[in-house]
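Since the structure comes first, as structure tokens, the remarks are kept for the end.
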Amino acid sequence: MSFGFKVPDSWSICQLVDVKDPNDRYSFTGGPFGSDLKSEHYKENGVRIIQLQNIGSGSFIDKSKIYTSEEKADELVSCNIYPGEIILAKMHPAGRSCLIPNEDKRYLLSSDGIRLKVDKEKFDNEYIFQFLNTSYFLNQVASKCTGTTRARIGLNDLKEIKLAIPPLPEQKKIASILSTVDQKLEQIDKQITKTQELKKGLSQRLLTRGIGHTKFKQSKIGEVPESWEVVKINDVSNVVRGASPRPAGDPRFFDGDYLPWITVAALTNHNGSSLMKDHVVSFLTEEGSKRTRILEPNTVLLSNSGATLGVPKILTFKAGANDGIAAFLELNNIEKMFLYYLLESKTSFFRNDIAPGSGQPNLNTTLIGNVDVVLPPIEEQKQIASILSTVDHKLSILERKKSKVAELKKGLMQGLLSGKVRVS
């Protein structure tokens, strides 16, 4: 087996199945058949079921909690999984893995999860977990997957995936180094979450109560300061939609180098309030630029279609926008950054309350323009936007810090888990 590197002489190569605990008959096993665990078995509390969406790439995603009874978990004892053990996903994407959290005494696999309990006499659990998250492992998984739209891997194929294994003392040292970096990433994630919660609370208060007000009035959207107005978005801007050259993909219009081309993906794939030029990967030809809507820097944008609709951004460069983008032109008595934060506060509303369509949700300029919003005096708008911008700046610093640590870890993994960098 070639990993793309030469394994050091003191290392060995083994199959994934070789690292399982031989003293536990269920140490490497898949989840229950669908008929054995149905929605009718779900309960409000009991034993938590680990779903596919809980399995992140190297981290547990603590969302979407569902449970089954203790009795059902006992019945499916072969599919129980315990804190600190490794869970792998059979699909979406196949092979990703995380460690089971230690919040509960036990959990239950869902049908597309795989339990791995490591033989700790021969292998370090953390080392194995780290290796499972390398391209060396995941590329092998991808080569054995079946299916195109829903690529998946079976337990028998997964058993045969190869791992590079150093002597146990070296495994432990490598795992310790990588775990230290993971702890740093966890700390940054907690700081990001805390700052996001701070911003959410500030935004809710500032956009409903303002700054320093003592007198309030009732309005069509609830209680607001007496000096504020409630207007429709159409009253303070001209809401327009982008335009896409047709036919789509025509080389006369697309894959050029004349004008940056903003798509929903380009607008929604990055955090922060600003859409930067390096976020854009597509460009139009000069002919294509004549068939789109060209927008100027400092224009407020909003994604208006698909699962990520309702995301605002401030454009920082001249560009064309496709028809999945709405733009707010001719701003009247409203600051662009205040409008940005108003739109950001309405993301859930756009997605859940007014976007029609069950398959591909979409907004249109009429729906957007008819949304009621608060309108404080201009100076207060500036103050509110400044406070929220300060929090966003802190978030951007944390995101950059996380990115640097993640890059550090990537380099360490490539060196340490291939033996190119040795630890004594």
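Tally Lys and Arg at +1 and Asp and Glu at -1 over the other residues with C-beta under 13 Å from the C-beta of residue 229: what net charge comes out?
With Lys, Arg at +1 and Asp, Glu at -1, the neighbours total -1.
Between residue 214 and residue 403, with labels modelled 7 Å along Cα→Cβ, what's the label distance in nm to one decimal, could you check?
Spacing of the two 7 Å Cα→Cβ label points: 4.6 nm.
With everything on Cα atoms, drop me the angle between helix 378-416 and the longest principal axis of the chain, reported from 0 to 90° to the nearest 10.
Rounded to the nearest ten degrees, it is 20.
Work out from phi, with θ = phi - 60° and the Karplus expression 6.51 cos²θ - 1.76 cosθ + 1.60, the ³J(HN,Hα) of each residue of the stretch 216-222, listed in order in whole Hz, and give x for Gly and Pro.
Those phi angles translate into 10, 9, 7, 9, 5, 10, x Hz.
Could you compute the net charge surrounding residue 255? Neighbours are other residues with a C-beta less than 13 Å from the C-beta of residue 255; K and R count +1, D and E count -1.
Taking every other residue near residue 255 into account, the sum is -3.
Relative to the longest principal axis of the chain, what angle (0 to 90°, nearest 10) does the C-alpha long axis of helix 135-144 take?
Tilt relative to the chain: about 90 degrees.
Along the stretch 171-181, what does the Karplus equation 6.51 cos²θ - 1.76 cosθ + 1.60 (θ = phi - 60°) give for ³J(HN,Hα), rounded to whole Hz, x for Gly and Pro?
These are the phi-based 3J(HN,Hα) values: 3, 5, 5, 4, 4, 5, 4, 5, 5, 4, 5 Hz.
Which one, 99, 289, 334, projects farthest toward the positive side of the charge dipole computed for the chain from Cβ point charges (K/R +1, D/E -1)?
289
Calculate, axis by axis, the spread of Cα positions in the stretch 229-375 along the three principal axes, and write the results as whole Å, longest axis first.
47, 34, 25
If a/c stays under 1.5 just call it rounded; otherwise compare a/b with b/c (prolate if a/b is bigger, oblate if not). Do that for the stretch 283-358, with a ≥ b ≥ c from the square roots of the Cα gyration tensor eigenvalues.
Verdict is oblate for the stretch 283-358.
Could you calculate the FRET efficiency of residue 331 with residue 40 from 1/(1 + (r/R0)^6), where r is the beta carbon distance between them and R0 is 60 Å, rounded to 0.05?
Efficiency, from the Cβ-Cβ distance: 0.65.
For each of 107, 26, count neighbouring Cβ atoms within 10 Å of the residue's Cβ, then give the residues from fewest to most.
On the way: 107 25, 26 15.
Going from sparsest to densest Cβ surroundings: 26, 107.
For the peptides 269-282, 117-130, what is the packing order when you average, over each peptide's residues, the other Cβ atoms within 10 Å and list the highest mean first?
117-130, 269-282
Beta carbons within 10 angstrom, averaged per residue: use that to sort the peptides 162-172, 337-347, 360-370, highest first. Let's see the in-between values first.
Details: 162-172: 18.0, 337-347: 21.6, 360-370: 16.3.
Result, highest mean Cβ count within 10 Å first: 337-347, 162-172, 360-370.
Angle check, please: helix 336-345 long axis (alpha carbons) against the longest principal axis of the chain (alpha carbons), in degrees 0 to 90, nearest 10.
For helix 336-345, the angle is close to 50 degrees.
Which option, (i) -0.62, -0.71, -1.08; (ii) -0.62, -0.77, -1.18; (iii) -0.44, -0.55, -1.09, is the value of log10 I(q)/I(0) by the Debye sum over Cα atoms at q = 0.08, 0.09, 0.13 Å⁻¹ that was calculated from these coordinates?
(ii)
Which of the aspartates and glutamates could a cross-linker span from residue 420 if the Cα-Cα distance has to be under 18 Å and same-chain partners fewer than 8 positions apart are dropped?
Partners within reach: 9, 170, 407.
Lys and Arg at +1, Asp and Glu at -1: add these up for the other residues within a Cβ distance under 14 Å of residue 4 and post the number.
+3
Could you tell me which of 68, 86, 151 has its Cα farthest along the dipole of the stretch 66-178 towards the positive end, charges placed at Cβ (Lys, Arg +1; Asp, Glu -1), taken about the Cα centre?
Of the listed residues, the answer is 151.
So what is the calculated 222 nm ellipticity per residue for the chain, using -39500 (n - 2.57) for each DSSP H run with n of 4 or more, over all residues, to the nearest 500 deg cm²/dmol?
Helix-only estimate at 222 nm: -10000 deg cm²/dmol.
A short reminder: the numbers here are calculations on the coordinates, not readings from a lab. Predicted model only: the values in this text are computed from it and were never measured. Positions of Cβ are backbone-derived with ideal geometry, glycine not excepted, and every protein chain shown enters the neighbour counts.
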